[in-house]
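Colleague: This is the structure I want to talk about, given as structure tokens.
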Amino acid sequence: MIAKDLIDSTFIPLKPSDTGNFALSQMDEIKISHLPIVDNLTYLGLISDMDIYNFNGQNEIIDNFISKLIKTQITENHHIFDVIKAFSVSKLPILPVVRDENTYIGTISLSSLILNYSEISSVLNPGGIIILELNSNDFSLSEIAQIVESNDAKVMNFFITSFPDSTKIEVTLKINKIDIQSVLQTFNRYNYNVKASFSENSQIEDIKERYDSLMNFLNI
């Protein structure tokens, strides 16, 4: 999945001729602190509510201080992992998406990113979660997958967490089996350190409710 697939269609960009007060009203309406500025499909920059107040620009048109604004953006063909990194580095609630020549094609919001990532990472699918702790030199995805598959299960998704000044890593597995006791027992037989495990026990609706609550929170 790439950046152009993550665009949130609810965002309407500002124009250079819009006033600061108009920009503030748009931000208030959709509950966001930043909006992109676009002139005839050309992306010009990103403005925040604090920018408007700092420049005393409530009654001025945005064009008067557009040169002082940040121009954070991401191109349409960047992978979703690049998008996640860009959000992490920029600490912004939205990311404008452009193609060559700074042509604006849309905006990614944090909520649209989470929604799309959940769909490709099997977050909402039934199954169990297992967290293994091991030395980084001992990590073998093929062995871990073989252990899971020996119990009539499949690894649906996994990620690795590393720690500064440590050779230890955590491997978090999402598997397509709700009853994970046999998998846990096999990991123990192979001397894996199972740091934590979570079985959904068919509580898929509860997970969906938590996910919907997160979406509602992000839209506050």
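Colleague: Does N64 satisfy being assigned to a loop (DSSP other than H, G, I, E, B) and over 29 Å from the mean Cα position of the chain (by Cα)?
Modeller: no
Colleague: Within the stretch 43-56, does at least one residue satisfy the condition of being surrounded by fewer than 16 Cβ atoms within 10 Å (Cβ to Cβ) and under 16 Å from the mean Cα position of the chain (by Cα)?
Modeller: No; the residues of the stretch 43-56 include none that is surrounded by fewer than 16 Cβ atoms within 10 Å (Cβ to Cβ) and under 16 Å from the mean Cα position of the chain (by Cα).
Listed here are the residues, each with its yes/no results for (1) without any contact (Cβ under 8 Å) to a residue 60 or more places away in the chain; (2) touching a Leu at 6+ places or on another chain (Cβ under 9 Å); (3) within 30 Å of D8 (Cβ to Cβ).
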position	(1), (2), (3)
L110	no, yes, yes
N116	no, yes, yes
G127	no, no, yes
E143	yes, no, no
E149	yes, no, no
K154	yes, no, no
Q185	yes, no, no
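Colleague: Just the residues that are of a type outside the set (F, W, Y) and touching a helix residue (DSSP H, G or I) at 6+ places or on another chain (Cβ under 9 Å), please, taken from the stretch 141-162.
Modeller: Those that are of a type outside the set (F, W, Y) and touching a helix residue (DSSP H, G or I) at 6+ places or on another chain (Cβ under 9 Å): I144, I147, V148, S150, N151, D152, A153, K154, V155, N157, I160, S162.
Colleague: Please work out which one of (1) modelled with pLDDT of 95 or more; (2) closer than 30 Å to L184 by Cβ is the condition G106 fails and give its number.
Modeller: For G106, the failing item is (2).
Colleague: Further question on the same structure: Restricted to the stretch 78-102, and to residues that are within 18 Å of L41 (Cα to Cα) and out of contact with any Pro (no Cβ under 8 Å at 6 or more places or on another chain), which residue is surrounded by the most Cβ atoms within 10 Å (Cβ to Cβ)?
Modeller: V97
Colleague: If we keep just the residues of the stretch 145-164 that are surrounded by fewer than 16 Cβ atoms within 10 Å (Cβ to Cβ) and under 27 Å from the mean Cα position of the chain (by Cα), which is nearest to N125 (Cα to Cα)?
Modeller: K154
The values are calculated or read from the model by the stated rules, or taken from the named source; none is laboratory data. None of the values given here were measured: they were computed from a predicted structure. Glycine gets a Cβ as well: all are built from the backbone with ideal geometry, and neighbour counts include every protein chain shown.
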